[in-house]
Ligand code: ME8
């Protein structure tokens, strides 16, 4: 058994209907950045993303396009994978809910709940929103009788369903949230869930009759019903954890031997429980109420944390296909490169808050990269190349910025641990800004002219090289391509870890003059 820290983080699995846009990209960048941060800190990471492929929404979208649902899903899963690879996302597992592996785990979970007497049959009367794949009661609807979330018309439904006794777990869930203040981040979202739980909690319909919906996973004890798509989708996190007997063929999987109640992860090779579910605030109830109560019902440990981030709008308008204002991250990266898009989204949105996309703000953020980090990198590397032919001795005091480096590292780690990624990035940028100030105050160009200024110049440039090495490590999780280009211009063997970067001595660098890291788009 390795003693390495292990971190399992997840994004939502996106519906295999829409094209990936900046909203999906934001969530996935956030997960990728945290995954890279943890890997860089020496942890073993399991980063999961994927596509949500069952349900009425997919069935209807496929019908509209005259395709089989699986054909649509194949096409869209490929599209998401391609987008993520173009956007520098390094996931460890891409799950599709149509995989046999996943179907087996959904059936195992349902069987377990059924065997524990937590499933019963009843008539369902109420409304259903296909877009959100959510059931609503009369009192949830808008005054016009539409879906309270997406405001679209809903369908009235009266049919036999199977129900999960979710109501039984209301108090246990409240206790869990109260005992674990950081379980849902940010705090306003936590309060929202507690507010929701103050109302009576109903039971959860977990099935649809096959006569109305074919595209789903049949219930193991009644194949005339398929699994409600949210129960199916949420279970993906468990499937991809490998916790449910991965060494047995799917048909023979079950819980009882391989996942005793409350099993902790110490010493096991699977990844459950997840350390962090990263989601948008739109799907908070499903993740912070349905999912934990299902897990409680099955006697499984709960995920350790849930981060529900805010919403991207365009200007002051909601992004939507019908308004034609959907921002495509692939188009956005054309003139500026992938890292410019990553930087903009991650830096602009305070983790947890909302943000608005405008081309002006995008440019402001790009200029920040170019004028602060890009400028620092290019002036320092060109001075070391010009005045010292790319190498420096280790001077005794190459560390005038030491205190700032340590302070930055501390606030960076703290912000990352608290999931305030935008703050971590802002502290890295502050250090680059301070280093530019250091260049101005030391005037290495004047030191270079001074016949007595040789040692001074070595100290100035040495300090700056150490700072640049650390900056390459600090920027690596968010903008990996540019961080690698910077490390390579310093002659380092790849981007150092944060720990390594802090200890790098100037004499190990072999500096080359570099092309601008963030060129003007028209250049
Ligand atoms: O809800 N701003 O999938 P989905 C910020 N399949 N984030 C946004 C966004 C925006 N404007 N638009 C989308 C589903 N997102 C289910 C999930 S999980 C078990 C099943 C991001 O394709 C955000 O992360 O509608 C949101 O939660 C997710 O995409 C919804 O993706």
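Points worth noting:
- Given (1) at positive phi; (2) outside the structural domain of residue 405 (by TED's automatic domain parsing), index of the condition residue 518 fails: (1)
- Count of residues meeting criterion [away from the ligand (no atom under 16 Å from the Cβ) and assigned to a helix (DSSP H, G or I)] in region 28-43: 5
- Looking across region 310-353, the residues that are within 14 Å of the ligand (Cβ to nearest atom), within 28 Å of residue 373 (Cα to Cα) and more than 20 Å from the chain's Cα centre (by Cα) come down to 314, 315.
- Sole residue being within 16 Å of the ligand (Cβ to nearest atom), more than 26 Å from the chain's Cα centre (by Cα) and closer than 25 Å to residue 130 by Cα, chosen from 25, 77, 61: 61
- Condition check for residue 419: in contact with a strand residue (DSSP E or B) (Cβ under 6 Å, 6 or more places away or on another chain), buried (at least 19 other Cβ atoms within 10 Å of the Cβ) and modelled with pLDDT of 95 or more: yes
- Region 131-151: number of residues that are closer than 30 Å to residue 221 by Cα and part of a strand (DSSP E or B): 3
Each row is one residue, and each column tells you yes or no for (1) assigned by TED's automatic domain parsing to the domain that holds residue 458; (2) in contact with a helix residue (DSSP H, G or I) (Cβ under 7 Å, 6 or more places away or on another chain).
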position	(1), (2)
353	no, no
363	yes, no
370	yes, no
377	yes, yes
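- Condition met for residue 17 (more than 30 Å from residue 471 (Cα to Cα) and either within 16 Å of the ligand (Cβ to nearest atom) or not assigned by TED's automatic domain parsing to the domain that holds residue 286 (or both)): yes
- Looking across region 474-501, the residues that are surrounded by 17 or more Cβ atoms within 10 Å (Cβ to Cβ) and assigned to a loop (DSSP other than H, G, I, E, B) come down to 476, 477, 478, 479, 490, 492, 495, 496.
- Wholly within region 164-246, helices (runs of 4 or more DSSP H) carrying at least 3 residues that are over 25 Å from residue 108 (Cβ atoms) and modelled with pLDDT of 95 or more: 170-179, 187-198
- Test: residue in region 112-130 that is modelled with pLDDT under 95, buried (at least 17 other Cβ atoms within 10 Å of the Cβ) and in a loop (DSSP other than H, G, I, E, B): yes
- So residue 82, is it surrounded by fewer than 20 Cβ atoms within 10 Å (Cβ to Cβ) and more than 24 Å from residue 482 (Cβ to Cβ): no
- Any chance residue 53 is within 12 Å of the ligand (Cβ to nearest atom) and either surrounded by fewer than 20 Cβ atoms within 10 Å (Cβ to Cβ) or assigned by TED's automatic domain parsing to the domain that holds residue 305 (or both): yes
- Hey, residue 346 in the same structural domain as residue 419 (by TED's automatic domain parsing) and under 25 Å from residue 30 (Cβ atoms) or not: no
The values are calculated or read from the model by the stated rules, or taken from the named source; none is laboratory data. Every value quoted in this text rests on a predicted model; they were computed, and no experiment measured them. Backbone-built Cβ (ideal geometry, glycine too); neighbour counts: all protein chains shown.
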